[in-house]
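What follows draws every value from the coordinates through simple rules; no lab data is involved. Model, not experiment: these values are computed from the prediction. No Cβ is skipped: glycine too gets one built from the backbone with ideal geometry, and neighbour counts run over all protein chains shown.
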Amino acid sequence: MPKLLSLRPLLLIDAATCAVMGLALDLGAAPLAALTGLPAPLLLYAGLGLLPIALFMALVAWRPHPAAVRLAVTGNAAWAAASLVLLVSGWVAPTTLGVAFVVAQALAVAGLAMLEHAALKTARPQAA
């Protein structure tokens, strides 16, 4: 079985990707909206929301407490699920590129959640 990344590097990757995506969505909301068919305010506010999440992930990486890691994993899972719900809800009318963008980022976030969950299980005793 391949060795997974440990918890701290995964959380730092999560923090970095949140920060980069947040800045990209904030600074490029209008052009991204034109390409993806997603509303510019949705992209802008999603990006603004990602910035404090990035800070939270960095803080959790610095001192990974199991409850905080579980919150990060749950938040990632909720983000991925909400992204997919957005596509099937009819609230937005994305282009094909927009659908691909939403699905790709949802899969990436869900993948991080799964890796972080697995790393958390290996980082602490199995008593719980």
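Treating r as the C-beta distance of residue 63 and residue 24 and R0 as 25 Å, the FRET efficiency rounds to 0.35.
Seen against the Cα atoms of the chain and their longest principal axis, helix 7-27 is set at about 20 degrees.
Stretching the chain fully between residue 70 and residue 97 yields a gain of 6.5 nm (0.36 nm per residue, less the alpha carbon separation). Separation of the range 21-43 from the range 60-117 is 17 Å, based on Cα centroids. Residue-wise HN-Hα couplings along the range 103-110, as the Karplus relation 6.51 cos²θ - 1.76 cosθ + 1.60 with θ = phi - 60° gives them from phi, are 5, 4, 5, 5, 5, 5, 5, 4 Hz; Gly and Pro carry x. Here the Karplus curve 6.51 cos²θ - 1.76 cosθ + 1.60, taken at θ = phi - 60°, turns the phi angles of the range 43-49 into couplings of 5, 4, 6, 5, x, 5, x Hz, with x standing for Gly and Pro.
Computed extension gain for residue 81 through residue 5, at 0.36 nm per residue and net of the alpha carbon distance, reaches 25.0 nm.
A simple packing score, the average count of other Cβ atoms within 10 Å per residue, orders the peptides 8-14, 116-122 as 8-14, 116-122, with the highest score first.
Calculated mean residue ellipticity at 222 nm for the chain: -28000 deg cm²/dmol, from DSSP H runs with n ≥ 4 weighted as -39500 (n - 2.57), summed, divided by the residue count and rounded to 500.
Overall, the anisotropy analysis places the range 21-86 in the oblate class: the square-rooted eigenvalues a ≥ b ≥ c of its C-alpha gyration tensor yield a/c not less than 1.5, with a/b not exceeding b/c. Sorting the segments 45-54, 92-101 by their residues' average number of neighbouring beta-carbon atoms within 10 angstrom, most packed first, yields 45-54, 92-101.
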